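Each value in this text was obtained by applying a stated rule to the coordinates, not by laboratory testing. In this text, all values refer to a predicted model and were calculated from it rather than measured experimentally. Cβ sites come from the backbone with ideal geometry, for glycine too, and all protein chains shown count toward neighbours.
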Amino acid sequence: MDEVLESMRRALGERYRIDGEIGRGGMAVVYHADEPRREREVAIKVLDSSVRSVLGRKRFLREVSVLSGLSHPHIVPILSAGQADGLLYYVMPFIDGETVLHRIRSDGRLPVSEAVVYAKEVAGALAFAHERGVVHRDIKPENVLLSDGHAVVADFGIARMLSDVGGDTLTQTGLVIGSPLYMSPEQAAGRREIDGRADIYALGRVLHEMVTGKLPDAAATERGVLDVPQECAEALAGALADDREERFRSAAEFAAALG
């Protein structure tokens, strides 16, 4: 029996009809639900106990209030949040589509023109967030949803919430902010001063994977990406520089370089 699911049903049953689990990661589980009063489908993300113990209710609600202000066509918004039966959760619209990860796994690689459109939309979302002082910190194919021909960034959430927690605390709990395969060198080195250029690097890796079907290695980054237009290859080089001082200064610059 899913005890978390049953707890959420008991606590939120008057507001949501929770069907079941639709996703799970190391830090949270996501459930699909209907919200009858608003006649809409939603996704409810419930934080893992290890994340709850690190964040605490007050920090969680404070961070969610900041993230709720990110209203952008290519960002999945946070609709509400709270504590129920000792569990911390937040609610997002349910996006009927697939992730970039699913698309890569099914097709191997995306047409360059299509991948560039998605990357520019994600870059636009990141530029909007960065201007408001919010760094995603966990851009990866699983967090980019494709719906109605457009890309939408999900999970402007847990990584941001954990970013101000002390390193020793995270080490003790075994929590890692970001995904190693897409993490910028400065994140991997454990630097505390992370800015929007970390997201640009991660998006560069996602775009490389979309157009080639594989992640870049050091050699590929040095010689450029084969079989893609020069403009795209040059933009990738500007996003994937190991030294963040050599990357694009903003996500908007990355988007502009993609043409």
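Laid out as a table, the results:
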| item | result |
| --- | --- |
| 222 nm mean residue ellipticity, helices alone, for the chain (DSSP H n ≥ 4; -39,500 (n - 2.57); rounded to 500) | -12500 deg cm²/dmol |
| Degrees separating the helix 230-239 axis from the principal Cα axis of the chain, which is the longest one | 60 degrees |
| Estimated FRET transfer efficiency (SER53, ARG191; beta-carbon r; R0 25 Å; 0.05) | 0.50 |
| Lysines whose Cα lies under 25 Å from that of LYS140, excluding same-chain neighbours fewer than 8 positions away | LYS45, LYS120, LYS214 |
| For segment 1-147, convex hull of alpha carbons as volume per residue, Å³ | 128 Å³ |
| Unit Cα scatterers, Debye sum, segment 66-162: log10 I(q)/I(0) for q = 0.11, 0.13 Å⁻¹ | -0.34, -0.47 |
| Pair HIS150, GLU246: separation of 7 Å Cα→Cβ label points (nm) | 3.6 nm |
| Quotient of Cα Rg and 2.2 N^0.38 Å for the chain, N being how many residues it contains | 1.02 |
| Pair ASP96, ARG37: separation of 7 Å Cα→Cβ label points (nm) | 2.4 nm |
| Magnitude of the charge dipole, segment 1-66, Cβ model with Lys/Arg +1 and Asp/Glu -1, debye to 20 | 460 debye |
| Cβ-Cβ FRET estimate between GLN230 and SER71, R0 fixed at 41 Å, reported to 0.05 | 0.70 |
| Segment LYS214-ILE22, extension gain: residue separation times 0.36 nm, minus the distance between their alpha carbons | 66.5 nm |
| For segment 2-44: Kirkwood Rh in Å [reciprocal of mean 1/r, alpha carbons] | 10.6 Å |
| Selection from SER50, GLY259, GLY157 lying farthest towards where the dipole of the chain points positive, charges on Cβ | SER50 |
| Spin-label pair ARG10/ALA84, simplified geometry with 7 Å Cα→Cβ offset, distance in nm | 1.3 nm |
| Size descriptor, Kirkwood hydrodynamic radius, that averages inverse alpha-carbon separations across segment 11-92, Å | 13.3 Å |
